[in-house]
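Engineer: Would you mind keeping the following structure in view while I ask a few things?
Here, each number is a calculation from the coordinates, and none is a lab measurement. Only a predicted model underlies this, so the values are computations on that prediction, with no experimental measurement involved. Cβ coordinates were reconstructed from backbone atoms using ideal geometry, including for glycine residues, and neighbour counts include every protein chain displayed.
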Amino acid sequence: MRGRPALFTRYESDSAMLPTTTQRVWLLVGLLVVAGAAVWLPRDWLILIATAFIASVGVIGLNLVTGYAGQVSLGHAFFLGVGAYAGAAFGGEATDKLVGFGLDVVLWIPLAGLVAAVIGAAIAPIAVRLRGLYLAFLTLGLVFLGEHVFREWDSVTGGPGIGRKPGVLRLAGWRFDLDGEIAGYAVTREQQIYWLALIVLIIMAFAAKNIVRSRIGRAFAAVRDRDIAAEVMGIDLTRYKVLAFAVSSFYAGVAGSLLFTVTGFVNTNSFNLLLSFAYIAMVVIGGAASITGSIMGATFLTLLPRLIDGAGGVLPFLKVSSQGLLSTSQLERIVFGALIIGFLIFEPRGLNGIWMRIRNYWKAWPFSY
Amino acid sequence: MTATIDRPSRPDGSIRVSSLPGRLRELASRQPESIALREKEFGIWRETTYGEYWHDVQSAAMAMWQLGVRPGDKVAIQSENRESWVIADLAAQAIQAVSVGLYATNPTAEVAYLLRHSESKILIAEDQEQVDKALAVEDLPDLEKIVYVEPRGVRAYIDPRLMSWAAFMAAGRAALEDDPHRVNGLVDTIDQESTATLVYTSGTTGPPKGAMLSHRNLTWASESAEDLIAAGGLPKGQPQLLSYLPLCHVFGRLYDVCGALAMGSCVNFAESIETVVADLAEIQPTYFPAPPRIWEKMHALVNIRMSDASFVKKALYTVFLKVGMKNAERLLATGSRGFVGEILHKVGQVLVYRSLQRKLGMQRCRQATSGAAPIAPEVIKFFLAIGIPLYEGWGMTETTALGTGNLPGNARLGTIGKAVNDDVMIRLEDDGEILIKSPGIFQGYFKNPEATAETIDADGWMHTGDVGEWDGDFLRIIDRKKDIIITAGGKNVSPSEIENQLKVSPFIKEAMVIGDRRKYLTALIGIELDTTSNWAQRKGITFTTYRDLSEKPEVIALIQKQVDAANEHFARVETIKRFVLIPKELDHEEGELTATQKLKRKVLEDRFSDLIEQMY
């Protein structure tokens, strides 16, 4: 009700994502600023932030299954890979050695997601029987299986050391991956990819937000908190665990299909355990069970190397080359490790937890609780 | 209409009506789509429009008519505040019957007395608990039907008198279809001088007395409420009220029925007394009446929360509370904050006050009122300081809740203000007793002509039992006539003033000053469990029960400090020399408090006589 934001006469407004006009306006302003930033951001930053957007989609997917539904998955790299190759196959050009259907981008992104989702759903029934550490190991196995398949299936992946190009960002003849002109303004390839990634992220983030605040999301949370209790309450465990894996894999597939369009090249050994760990780290640092946190975590860890590089020019003990006390790549790994440990110990709710704390400070004003 | 309309019609041309149901009918035709009632159900507020409200009242009225309720018959309602309460109340009045409110907390013995004494023909009982109380009473020759609102637990009961609210309303709706004009006709012929409702006084001494309020009393209160509000400037949009004060008490009825119908406002029913704080924050009512207990509790809440706040917040609060207190003094003295004060207030509003108001649910409150019992001036000043326009009013059941009031720009701290309008005349008897004459003066006590004669004299002046004095134009209450303490030294002392000063402390919930015909004053003090246990936890004092906590030497020392602070406000003879902490929380069920949480002094004096004697 107007002027009385906490007075709800309908459930729709009670559970609305943005209950007040002020919030809606601020979100719109924020999105316009982010979109508009593409105009003046340098190329390398555009690429980096676009990567962060795409990674965010992947992290949201992992957060759905691990953060919300509580099913630890170390196999996210595998599903990213599936998405990447499905995208490349559906959207790439066919050559004498490689499969390629040359579809439009609006088709091959969802198709990549679907392929990953189908595989996720197919594997899920096995995962449903396991919990905790055992599930983590099972999903770990997926990564190794995946690496093998990616290496051997030359007609799709191009084979080790050769690789292939990802799907072509083509829509009704328009190419996002080439410099062009919109309404008389020159737009670069990077700007277009940035905007495309932003749009995909907005769609996927809103969809995820809706999943988690609906019946499905509540079921996920119940399964996470205690699966036996959830079952007692009438939640079909198999159904919701399969759903969690399928939805999560769909997100991974979408993210995977786009992840390499930025660099323009997919390598078969990209989808290793380290990638899975990086995504787990993004979930932990961003904040488990939070969509906003997923985006914060992905952005932060994607930009981290660049920030450390920047620090290399400022801090005297850092050298870009291997001489000196520490190289930036060494420091990067140390910081990465320290961040995971630090967040787990001091802020288990991640960046989102910090943000919530800041928000609560003002929300509780002038009280402290 | 048979009754004369003796007040001029209002500027907007709408007519003054002769009864509350008539007023509702007018609103239903004037603004049928606006929201009249809201009740929280499964987490959301379900709305009823004025059109539906009037239809429901007509249906309930027809249902009562079918059950044999005729003009003059009594309809008892025992329920917490909810839609069916006001619907039943207005329905009974519409068919010229008389509604009788019972507190949901009334124990069986009182229910028996009230139902018997009022000769109620039907009872609207909220739930199984209330039904059980009524069924436990034997020998109720007049009671023919018990309508229960919540069917849970009652379905299996076999008693020919039982009927569900749903069935009651369904029967009423069907009857209304068949005979759509009967209720209208009855409303048109309401005699203003006939009794509309019986309000049983809480009875700090003796059994409750049923004050008969006529339709004229209620419409006068309704119109006066409207005038009072119009004087303070009309709010933007529809006024919102939170109904949580018991509707069987005249203070709650004044706002939630009389006032609401006067302004065409929306009445939101609190889920329960425990959720009032949360409901307040959701509703942010436009007008908010509360007894001192609620204000003291809010004051304590702010104090405790602020003492737990972080450094910056605490510092800002301390500064702006000081600024606010200065502003409040100025506001009371001159009616405005002054130029600098206004600027400081605006700054404070942004930094501190606004968020505090929102937390307390007072952000949109245009007028907050303290009534039903005396309040300590400090508390009022505190709320004025943080920008909540809290003023004290005074009225009684027997004056239809309206008597005197402080108004913004026309207030004096520590007084109960001036007569609410020109209809009210006030004078003081030689012994200081306040006499009042107004169109709101009740008709008398039901079946108790002796008590009526004692209260209303031959000239129509009502003897209030309160002793007061003039402070310029403002009336100041000293105390209830019968409560005034005369010490062994012959000094007159007003216990309530001292008690309220004690209750300013967040750690003190109840206080009763003793000293009649004694050498010095002492007090029985009950601690506030929430705040004191919070304090004890932070001090690392372990305790188990309320009694255990009350007996801790640290707690006694803490209360001693509060008593010392309160003593500073009084002359030597009026200070509390000794006190004891009551080992239990006082309770209505055990007869220590009235339904409105007032102390039953006699009962307490008897029950704790050993504690009292210890102090002398």
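Engineer: According to a simple spin-label model (label point 7 Å from Cα along Cα-to-Cβ), what is the distance in nm between B:D473 and A:W40?
Structural biologist: 6.2
Engineer: Further question: Determine the relative contact order of region B:203-262: mean sequence separation of Cα pairs under 8 Å and six or more apart, normalised by residue count, in whole percent.
Structural biologist: Once normalised by length, the contact order is 41 percent.
Engineer: Would you kindly derive the ³J(HN,Hα) couplings of region A:49-59 from the backbone phi angles with the Karplus curve 6.51 cos²θ - 1.76 cosθ + 1.60 (θ = phi - 60°), listing them in order in whole Hz, with x for Gly and Pro?
Structural biologist: Values, residue by residue: 6, 4, 4, 4, 4, 5, 4, 4, 4, x, 5 Hz.
Engineer: I would also like to ask the following. What's the extension gain from B:M325 to B:I273 if we count 0.36 nm per residue and subtract their Cα-Cα distance?
Structural biologist: Full-extension gain reported as 15.7 nm.
Engineer: Over the alpha-carbon set of region A:89-223, work out the extent along each principal axis and list the three values in angstrom, largest first.
Structural biologist: Computed over the Cα atoms, the extents are 56, 41, 20 Å.
Engineer: In region B:458-480, which residues have a backbone nitrogen under 17 Å from the label point lying 7 Å from B:V573's Cα in the Cα-to-Cβ direction?
Structural biologist: B:478-479
Engineer: Turning to a different aspect of this structure: Which of the three applies to region B:323-387, rounded, prolate or oblate, going by the alpha-carbon gyration tensor with a ≥ b ≥ c and a/c under 1.5 meaning rounded?
Structural biologist: oblate
Engineer: Right, another one. If contacts are Cα pairs under 8 angstrom and at least 6 residues apart, what is the relative contact order of region B:273-481 in percent? Provide the component values of the computation, followed by the final result.
Structural biologist: Working: 327 pairs, mean separation 36.7, N = 209.
About 18 percent, as a whole number.
Engineer: Sticking to Cα atoms, compute the Rg of region B:217-272 to one decimal and its Dmax as the biggest Cα-Cα distance, whole number, in Å.
Structural biologist: Cα only, region B:217-272: 11.0, 32 Å (Rg, Dmax).
Engineer: How big is the Kirkwood radius of the protein assembly as shown, worked out from every pair of different alpha carbons and given in Å to one decimal?
Structural biologist: The Cα-based Kirkwood calculation yields 33.5 Å.
Engineer: Using a cut-off of 14 Å between beta-carbons, work out the net charge of the residues near B:M325 (Lys and Arg +1, Asp and Glu -1, B:M325 not included). Intermediate results must be reported in sequence, preceding the final value.
Structural biologist: Details: positive: B:K322, B:K326, B:R330, B:R337, B:K381; negative: B:E329, B:E378.
Neighbour charge sum, excluding B:M325 itself: +3.
Engineer: Please list 3J(HN,Hα) in residue order for region A:120-129, calculated via the Karplus relation 6.51 cos²θ - 1.76 cosθ + 1.60 where θ = phi - 60°; whole Hz, with x for glycine and proline.
Structural biologist: x, 5, 5, 7, 3, x, 6, 5, 4, 6
Engineer: Hey, another quick one. How big is the charge dipole of region B:273-481 about its Cα centre, in debye rounded to the nearest 20, if each Lys and Arg gets +1 on its Cβ and each Asp and Glu gets -1 on its Cβ?
Structural biologist: For region B:273-481, the charge dipole is close to 1680 debye.
Engineer: Another question, then. Return B:C248, B:C365 ranked ascending by Cβ neighbour count within 10 Å, so the fewest neighbours appear first.
Structural biologist: Least to most surrounded, the residues fall as B:C365, B:C248.
Engineer: Any number yet on Rg/Rh for region A:8-57, C-alpha, Kirkwood? Intermediate values should be presented prior to the final figure.
Structural biologist: Working: Rg = 15.9 Å, Rh = 13.2 Å.
Radius of gyration relative to Kirkwood radius: 1.20.
Engineer: Among all the lysines, which ones have a C-alpha under 28 Å from A:K209's C-alpha, if same-chain residues fewer than 8 places away are not counted?
Structural biologist: Those lysines meeting the cut-off are A:K241, A:K363, B:K40.
Engineer: Grab the DSSP H runs of chain B that are 4 residues or longer, score each as -39,500 (n - 2.57), total them, divide by all residues and round the 222 nm result to the nearest 500 deg cm²/dmol.
Structural biologist: That calculation yields -11500 deg cm²/dmol at 222 nm.
Engineer: Exposure proxy check: A:S276, A:S15 ranked by fewest other beta carbons within 10 Å? Walk me through the numbers before you get to the answer.
Structural biologist: Working: A:S276 23, A:S15 12.
Result, fewest neighbours first: A:S15, A:S276.
Engineer: Moving on. Please give the direction-averaged projected area of the C-alpha convex hull for chain A, in square nanometres with one decimal.
Structural biologist: 22.6
Engineer: Sort B:R330, B:R538 so the one with the fewest other Cβ atoms within 10 Å of its own Cβ comes first.
Structural biologist: Neighbour counts put them in this order, fewest first: B:R538, B:R330.
Engineer: Mind giving me the FRET efficiency for A:F144 and A:A122? R0 is 30 Å, r the Cβ-Cβ distance, nearest 0.05 is fine.
Structural biologist: E between A:F144 and A:A122, to the nearest 0.05, is 0.95.
Engineer: I'd like the Karplus ³J(HN,Hα) series for region A:100-112: coefficients 6.51, -1.76, 1.60, θ = phi - 60°, whole numbers in Hz, and an x wherever there's a Gly or Pro.
Structural biologist: x, 9, x, 6, 6, 4, 5, 8, 6, 5, x, 4, 4
Engineer: Something else now. Quick one: if you stick a label point 7 Å off each Cα along the C-beta vector at B:R161 and A:I345, how many nm between them?
Structural biologist: Output for this residue pair reads 7.2 nm.
Engineer: List the equivalent ellipsoid semi-axes of region B:484-614 in whole Å, largest first, each obtained as the square root of 5λ for an eigenvalue λ of the Cα gyration tensor.
Structural biologist: 24, 18, 13
Engineer: Something else: Work from the charge dipole of chain B (Cβ charges, +1 for Lys and Arg, -1 for Asp and Glu, about the Cα centre) and give the residue of B:S84, B:W470, B:A595 farthest towards its positive end.
Structural biologist: B:W470
Engineer: Once both labels are modelled 7 Å past Cα along the beta-carbon direction, what's the A:Y11-B:V350 spacing in nm?
Structural biologist: For A:Y11 paired with B:V350, the spin-label model returns 4.3 nm.
Engineer: Kindly flag which residue pairs out of B:K381/B:K552; B:K326/B:K577; B:K437/B:K482; B:K322/B:K600; B:K74/B:K602 have an alpha-carbon separation exceeding 27 Å in this structure.
Structural biologist: Violating the 27 Å Cα-Cα cut-off are B:K381/B:K552; B:K326/B:K577; B:K322/B:K600; B:K74/B:K602.
Engineer: Now for a separate question. Using every Cα-Cα pair within region B:118-178, state what percent have a distance larger than 20 Å.
Structural biologist: Here the tail beyond 20 Å accounts for 26 percent of pairs.
Engineer: Additional query: Where Lys and Arg each count +1 and Asp and Glu each count -1, what net charge lies around B:A488 among other residues with Cβ under 11 Å from its Cβ?
Structural biologist: +3
Engineer: Report, to two decimal places, the Cα Rg of region B:273-481 normalised by 2.2 N^0.38 Å (N = number of residues).
Structural biologist: Working it through for region B:273-481, the quotient is 1.16.
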